[in-house]
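The values are calculated or read from the model by the stated rules, or taken from the named source; none is laboratory data. These numbers were taken from a predicted model, which means no experiment stands behind them. No Cβ is skipped: glycine too gets one built from the backbone with ideal geometry, and neighbour counts run over all protein chains shown.
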């Protein structure tokens, strides 16, 4: 349900809005701008994640990349260990 809101803004910005937007569209423009700057609430995010989970192309892409999640980095690419294997600090 729409609510009436009184706001204060710089006169230059108001003139620019009047000049660049069609008549009767300032409110919708401001609402869209504010909505774009606000973080979505938890319910909106949950609904978006649920919808994304059902998209077939995402599942296909995920399965293509799954092999990279099960492979190990070569030992030469790993940073040097601080302690010899099996001899951690405090043992």
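Data for the structure
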item: Filter pass, residue 61 being outside the structural domain of residue 1 (by TED's automatic domain parsing), surrounded by 10 or more Cβ atoms within 10 Å (Cβ to Cβ) and at pLDDT 90 or above; result: yes
item: Residues (within 20 Å of residue 1 (Cα to Cα) and either touching a residue at least 12 places away in the same chain (Cβ under 8 Å) or surrounded by 10 or more Cβ atoms within 10 Å (Cβ to Cβ) (or both)) located in region 13-32; result: 25, 26, 27, 28, 29, 30, 31, 32
